[in-house]
1. So is E376 farther than 25 Å from G63 by Cα, away from the ligand (no atom under 13 Å from the Cβ) and either out of contact with any His (no Cβ under 9 Å at 6 or more places or on another chain) or assigned to a loop (DSSP other than H, G, I, E, B) (or both) or not?
2. Could you list, in sequence order, all residues of segment 462-478 that are in a helix (DSSP H, G or I) and buried (at least 20 other Cβ atoms within 10 Å of the Cβ)?
3. Give the residue, chosen from S76, S70, that is within 16 Å of the ligand (Cβ to nearest atom), assigned to a loop (DSSP other than H, G, I, E, B) and over 29 Å from I402 (Cα atoms).
4. The conditions are (1) basic (K, R); (2) over 22 Å from P363 (Cβ atoms); (3) in contact (Cβ under 8 Å) with a residue 12 or more places away in the chain, and R208 fails exactly one of them. Which is it?
5. Under 9 Å between Cβ atoms, at least 6 apart or on separate chains: pull out the pairs that start in segment 465-491 with a residue that is at negative phi and at pLDDT 95 or above and end on any residue that is assigned to a helix (DSSP H, G or I) and among the aliphatic types (A, V, I, L, M).
6. Restricting attention to segment 354-371, and to residues there that are away from the ligand (no atom under 13 Å from the Cβ) and over 15 Å from I203 (Cβ atoms), which single residue is surrounded by the most Cβ atoms within 10 Å (Cβ to Cβ)?
7. Look through N221, N228 and report the one residue that is in contact with a strand residue (DSSP E or B) (Cβ under 7 Å, 6 or more places away or on another chain) and within 30 Å of D184 (Cα to Cα).
Amino acid sequence: MATSTSGETTNARPVEAYDVVVIGAGFAGLYAVQRLARLGLKVLAFEKGGDVGGVWYWNRYPGARCDCESYYYSYSFSQELQQEWDWSLRYSEQPEILSYLGHVADRFGLRDHIRFDAAVTRAHFDEATSRWRIEASDGSRVEAQFVVSAAGCLSQIQWPDIPGLHRFKGDLWHTAAWPHEGVDFSGKRVGVIGTGASGVQAIPRIARQASHLTVFQRTANWVLPAANRATSPEFDAWVKTNYDAIREQCSNSAGAVPFDLPTRSALETSEAERRARYESLWATGGMRFFTAFTDLFTSLEANETAQAFVRERILATVHDPEVARRLIPFDHPIGVKRPPVDDDYYATFNRDNVTLVDIREAPIQEITADAVFTTEHHYELDDLVLATGFDALTGALLAIDIRGRGGVSLRETWGEGPRSYLGLGVAGFPNLFTVTGPLSPSVLANMPTAVEQHVDWIADCIVHMRERGLKTIEATEAAEGEWVAHSDEVVSGTLYPRAGSWYFGANVPGKPRKFGVYLGGFAAYRERCEAIAKDDYAGFRFGAPAN
Ligand code: N01
């Protein structure tokens, strides 16, 4: 019970004061807490889940794992941490990544700063005090000088709007809200809607358990083999000896990954050499496939050589030519929609207990208590899995009632798509930092590297302000406008606009079409952020010194 300023007794909790409120306790939130608390700041993180982990806490579907190799999809901030942690697989699975994040939380004493089962519901900037007033779903009321959003790029679930979905009487799961106790599909007739990265990972595992699996595919995706395997002691030792150089390579690359860069155009390479290069990278596995040539993302003709190679692989793997035809993408170049990385996906369609239904040719009309009806057939099911993705990049932030100067909401400000300066700050929203925010390299960079770069920049900025007694920092509209225009220009020089992807918000009905990721490359972006900080945070405006 608390007493309000008018003297009334209310059930509202008293307002607590912090220096920084962090939203989320995944990769980004954990590092933000670690880094900012180490500066001596009073930090509180709100996490809507019951524990740390972010996407790795929620996405527990069978087969969930990362499409970046674990040795670099990990924090670099602590020598001890990177030397003491061993990954069991080249691409570790969700339980191992989650236990890594739990270990980080324990090792650095981060849990004391985190309030779990508490989603931030509102954050309003109070112009009179230049502080944020924050409320959370557990009744917490907090005020803080800074809000650091680490709410995640792929954390707001996108539920499909399919007539009758609510009437389905069997078990209904979304890959991004998977039950902690797991799901046993043995003896069940299961349907999966969605063939993005989540569906592609789950489908082979579910097929091995279910009595029958029906896959409802709206858009075929280009799927690359992971070539996943156990890590070897030799590789582990090599990584640990060379970690500094590996991290350095990440820092200086376009994707924040330690890959050797391509030097040749696909079009200036002979057919035989080109094939050899694709074959070798296909065997290597994963996203390294795109290091084949320099022009795969800028020249349709070059990209078509890669498409032709993968098309052949699909035809060689899938026995039924009609099923193979349906699995071959026809509407977008390879790579410009996030290509799922998995093993056994195409071969899974050779199993007798798997049916592929093309719902572009015969769309789903409705879902009843026990079946999915398309325009051609109906499919009786015991369980239904939705692998329908996320309201990406902006969804998690817009789910919160965020208001900046003049009470203007972020939703209104982003009414025509996200606007941001560097993906770090939004004009009109002082002291709000967005880790891997829209229009930063985010999902097109290796996330832990991108997270560390952003959090370090934010921490340095806060130190800079504290040393000078500055109260607020805010992106100027001019700098923001220039950044948005620059980001758009970079995208227009690539093949990305040729796909209706979640990068553009195209998967969410009614969402404005705006490419939400900065494509100028992580290394160049990092250098620009550093130069801006050195230039007294050019493009940002500082508020009056505190009294
Ligand atoms: O989501 P998606 P995701 N009716 O949006 C279909 C990361 N991730 O969760 O393409 C029928 O890619 C939709 O069809 P269409 C990774 O960055 C990483 O799979 O819109 N179908 C599509 O097939 C990834 O890109 C990892 O025509 C509907 C699917 O559902 C991102 O998360 C693992 C539908 C959604 O695919 C998102 O992946 C998992 C409807 N109403 C995720 N609505 C790794 O690290 C949607 N679909 C490997």
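The values are calculated or read from the model by the stated rules, or taken from the named source; none is laboratory data. Keep in mind the model is a prediction, meaning the values are calculated, not measured. Glycine also receives a Cβ, built like all others from the backbone with ideal geometry; neighbour counts cover every protein chain displayed.
1. Judged against the criteria, E376 is a match.
2. Scanning segment 462-478 gives I462, M465.
3. When all the criteria are applied, what remains is S70.
4. R208 satisfies every listed condition except (3).
5. K471/M465; T472/M465; I473/I462; I473/M465; A479/I532
6. Of everything passing the filter in segment 354-371, A371 is surrounded by the most Cβ atoms within 10 Å (Cβ to Cβ).
7. N228
Each row is one residue, and each column tells you yes or no for (1) buried (at least 19 other Cβ atoms within 10 Å of the Cβ); (2) modelled with pLDDT under 95; (3) assigned to a loop (DSSP other than H, G, I, E, B); (4) on the phi > 0 side of the Ramachandran plot.
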site	(1), (2), (3), (4)
G139	no, no, yes, yes
V147	yes, no, no, no
P160	no, no, yes, no
L172	no, no, no, no
E181	no, no, yes, no
D184	no, no, yes, no
V192	yes, no, no, no
